[in-house]
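Laboratory data are not the source of any read-out in this text; all were calculated from the coordinates shown. The shown structure was predicted, so the numbers you read here are calculated from the model rather than taken from an experiment. Every residue, glycine as well, gets a Cβ built from its backbone with ideal geometry; the counts of neighbours run over all protein chains shown.
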Amino acid sequence: MTTRILLTEDNEALAHMLERFLVAQGHEVLLAKNGAEALNMLASREVDLLVLDLRLPEVSGIEVLQRLRRTPRGATLPVVIMTGYYKGEKFAEGARRLGVTHYLEKPFSQQHFLKAIHEALSGQTKTRSESATLLSTLVDIYYSGKNGTLKLRQGPPLAILQGGVVSFLSRSRDEFAAHLVARGKLALEERNLFVVSGEGRIFLTQAGYLPYDELVEESRSFMVRTLLDAIMVNTSAEFVPGLPELEPPLVPLQLPELLYEAFAGHALGFNADSFLSRFGHLFPARTANFYRQANLVSMSQDDIATLNLINGRRLLHEIVGQGTQRAAAASFCYFLKVMRFVTLNLTPSDEEEAGFRIKALYNRPIEEDLNGVEEQSERFDDLVAEISGSVELAVGNEGMAAPLLSSVISFEQQVQRDYSYVKEKNYYELLGMTPGSFTFNTLKDSYFSKTRPYSQERLMELSGPVLEMAQEVLSVLSTAYNTLSNVVSKERYDELLHSDKVGLDGKQDDKLQAKVQFQSGKVFLEMSEFANAEKAFQDAYRLEPDVALHSAFLAWAIYSNPSNKGSKASFDKARTLLAKSLQNGKHSEAYSFRGWMLLDEGREGLAEGEFQKALKLNPRDSLALKGVQQISVHRQSEKKGLFSKFFG
């Protein structure tokens, strides 16, 4: 059967060359030279594959992809991206969030193009926005209770007993030893001796390299990171049934708890907007699996409150809401879907029953009023007051810094230490490396190790000043990771390290960091991720407040963010930032942004003046051209209306 491919490419010569190549392979090819044509064809024709350039006239390829994924037919349509502009892992990751697993950077070879086409058409990969292949495989194995070995394309084989991952093989392999070296637990010489010995992990304790408790802890940490990394990149895997080889120490993982913590800790790159755009119109209903698994997961009060809103008759959009916890609630609902705790139905439906008597749910007596969880939850201040009184009675109040829980004190102290530490180190030092010892695996391990303690629950326990320190620490670590994980920005940063100003307080580092954040913000804007865009531009503006484009784009991100609609303070802030931008320099973007703000207020004359100023600076400013066109269309419509009124 002939497959039909829609090829969307504005470079006519390249489009016809690729068309001839695909036709020679036996495919039927439809051509679209811009995003608008592609959307029309997708709406009117059946296609088996979309080959899409991202930088298109009229409607960008990013917008085409976003609109496609919001339609029932396009939600699972395979897509191959090709781009010569949006290069780098950051952009490829953004595409993966929209279900694209083949991301070709121009120029690409004929072989790579053909391989991407064949794999996309053969269905060898699934979209990441749905449950990924490895993730769904793990859930299948978990519920089937199978025994076997999961062989990852990258990483050690994992031993599975009764559906649960219990161990991994490290004999004559280097992955676990490299992990220990990166963590400072093993010397390089000891690493080589261990690998060459062909012994299992227990040898590390037998030889005195690592205490047994640390061996167990590091084994668990390594296995969790290996599994989550494999899920994150959707690596291929083969499950071999049968009794697996068990290498001690065993470190059993509960899949529901592991995935719950991963989604809560943002370790799997979940995109709330993409998830809600695809499933927000559906009705979640609990399944029988929920009652079997709920007590295996230590859920937060907020997640329990979200779960109690699910009754089979509320829309997912309604359950998640629009507040500050929207992204967290959406992530939790996706976890419920992945673990099959809920089904998502097109129409309201009854929920399944447990099928057995339940004494406790959420690890608490079932007699408690679960519908009143939100009202019964105590404020943190009240809890501190209650506990502080108990502590004072038990140990007295002399010599105590504050009568609070020791875990809270230690975390506050950790934040303060980390805050001082990040101010004095360059990006490599922050993540425990040097330019010579840098590897991407070490970078990932170090970044997740340093950010993992900063969970949302622990951040909520912090006071105002310490919370600001924690947010600054996370921001600096994120910037360091993003800079070093991108080949181009890493090269620029390496050049800066040889200059006379090194470290986070150096002006050149600030400039690079501001540039990275500014470029990130522009990408987020194109992908309509306005909250992330606002944060990125805010960081760029904070580092270089006198750069005109920083304040202009920050103003536009604030104004475009739906969560700021109706907020006079946000609108005033955006206008002030635009005024500051034009004081620091004349740029077409600032005039275009101000023009659209005026146009939204219905002040066409003033808006047109701003658009003309923008076009004078840049005749190809797309936003200004679009604004002028909209004003022209509106005026023509008014003229026709008057004509009809008088002569119709």
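The order of D303, D213, D10, going from fewest to most other C-beta atoms within 10 Å of their C-beta, is D213, D10, D303.
Each of T8, T137, T483, T71 was scored by other Cβ atoms within 10 Å of its Cβ. Arranged with the fewest first, they read T71, T137, T483, T8. Legend: distances between Cα atoms for K87/K425; K565/K613; K425/K535; K90/K490; pairs beyond 19 Å are K87/K425; K565/K613; K425/K535. Pairs exceeding a 30 Å alpha-carbon distance, out of K33/K586; K151/K515; K33/K568; K33/K522: K33/K586; K151/K515; K33/K568. Residues whose amide H falls under 5 Å from that of M82, counting only those 5 or more places apart or on a different chain, are L52, D53, L54, L104, with hydrogens built in the peptide plane. Reported to the nearest whole Å, the Cα centre-to-centre distance from region 524-550 to region 201-216 is 48. Region 299-334 and region 554-581 have Cα centres separated by 29 Å.
Across region 261-348, the relative contact order, built from alpha-carbon pairs under 8 Å that are at least six residues apart, equals 48 percent.
Summary value for region 201-345: 27 percent relative contact order, contacts being C-alpha pairs under 8 angstrom separated by 6+ residues. Per-peptide packing, taken as the mean over residues of other Cβ atoms within 10 Å, places 433-446, 276-289 in the sequence 276-289, 433-446 from highest down. In this structure, L625 and R220 have a Cβ-Cβ separation that, at R0 = 51 Å, corresponds to a calculated FRET efficiency of about 0.35.
Among V415, V633, V422, sorting on how many other beta-carbon atoms sit within 10 Å of each Cβ, with the fewest leading, yields V633, V422, V415.
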